[in-house]
Amino acid sequence: MYTATEQAKFLKAYRMQKSNARTRKITFLLTFEQWLELWGASGKLEQRGRGADKFCMCRIADVGPYELGNVFIGTGRENVRDGNLGKIDSDETRQKKSQSMRGMPHPWCAGKNNPMHRPDVKAKMSAKISGSKHYSARMVSTPSGTWGSAVECAKALNMPRPTVEWRCKNQKSGFAYLT
């Protein structure tokens with residue numbers, strides 16, 4: 001299936017991974033044949049390597065030995081994320097991370113990636129804090145009734161909000177703030 005040159009290259013990679021696992025005090029129970037079959041079945045053998053977008057052999061939940069049933073092929077980014085899930089950084093580590101990111105762009109929350117820019121999120125946020133639910137909302141009394149805010153009054157009476165606010169502020173045409 002593989003040429004002798006490719007076999008030698010893969011054997012070197014296998015031995016390096018086994019050696020790295022030993023250095024990290026992680027048991028490595030895969031034979032070369034099992035290792036090669038896992039990589040071959042994944043179709044990612046030629047894309048393996050270091051880096052966020054390269055593929056590597058990952059352990060499930062980053063625990064236990066490298067053995068059949070406890071490993072899968074994933075990107076370096078997935079492996080780091082899975083390995084860090086549930087870990088709590090010390091105050092010192094958080095400070096270092098914060099310092100290293102100062103002045104750096106945050107692409108994960110910029111533009112379309114920012115969840116606050118999604119229309120559904122905007123609508124939910126707006127519904128939670130609009131009208132009489134807003135922290136600075138003031139009840140409005142008019143000859144036609146009482147409303148929780150100038151926005152609700154303006155919608156009900158089909159008039160611009162600034163007009164409602166001006167009439168309340170100046171107590172014109174029976175309009176007034178109640179609070």
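Do we have any residue at all in region 80-88 that's surrounded by fewer than 12 Cβ atoms within 10 Å (Cβ to Cβ), β-branched (Val, Ile, Thr) and over 19 Å from the mean Cα position of the chain (by Cα)? Checked against the condition, which is being surrounded by fewer than 12 Cβ atoms within 10 Å (Cβ to Cβ), β-branched (Val, Ile, Thr) and over 19 Å from the mean Cα position of the chain (by Cα), region 80-88 yields no hits at all.
Take ARG161 and decide whether it is surrounded by 12 or more Cβ atoms within 10 Å (Cβ to Cβ) and in the same structural domain as ILE60 (by TED's automatic domain parsing). Spelling it out, it is not the case that ARG161 is surrounded by 12 or more Cβ atoms within 10 Å (Cβ to Cβ) and in the same structural domain as ILE60 (by TED's automatic domain parsing). Within region 118-129, the set of residues being surrounded by 12 or more Cβ atoms within 10 Å (Cβ to Cβ) and not charged (D, E, K, R) comprises just one member, VAL121. Kindly evaluate ASP120 against the criterion of being closer than 30 Å to ASN70 by Cβ and outside the structural domain of ILE60 (by TED's automatic domain parsing). Considered against the rule, which asks whether it is closer than 30 Å to ASN70 by Cβ and outside the structural domain of ILE60 (by TED's automatic domain parsing), ASP120 comes out as no.
Residues in region 89-110 that are surrounded by 11 or more Cβ atoms within 10 Å (Cβ to Cβ) and of a type in the set (D, E, K, R) were compared, and the one that is modelled with the lowest pLDDT is ASP89. The requirement of being within 30 Å of SER173 (Cβ to Cβ), surrounded by 10 or more Cβ atoms within 10 Å (Cβ to Cβ) and among the hydroxyl-bearing types (Ser, Thr, Tyr) is satisfied by SER132. Looking across region 43-67, just one residue is without any contact (Cβ under 8 Å) to a residue 40 or more places away in the chain and among the aromatic types (Phe, Trp, Tyr), and that is PHE55. If you check ASN113 against the conditions, is it more than 30 Å from PHE175 (Cα to Cα), without any contact (Cβ under 8 Å) to a residue 40 or more places away in the chain, in contact with a helix residue (DSSP H, G or I) (Cβ under 8 Å, 6 or more places away or on another chain) and surrounded by 10 or more Cβ atoms within 10 Å (Cβ to Cβ)? When the stated conditions are applied, ASN113 passes them.
Residue-level check: of (1) closer than 26 Å to ILE26 by Cβ; (2) loosely packed, with under 12 Cβ neighbours inside 10 Å; (3) of a type outside the set (A, V, I, L, M, F, W, C); (4) in contact with a helix residue (DSSP H, G or I) (Cβ under 6 Å, 6 or more places away or on another chain), ASN70 misses just (2).
Only residues that are among the hydrophobic types (A, V, I, L, M, F, W, C) and closer than 23 Å to ARG77 by Cβ were counted in region 108-124, giving 3.
The values are calculated or read from the model by the stated rules, or taken from the named source; none is laboratory data. Remember, predicted model here, so these are calculated numbers, not experimental data. Positions of Cβ are backbone-derived with ideal geometry, glycine not excepted, and every protein chain shown enters the neighbour counts.
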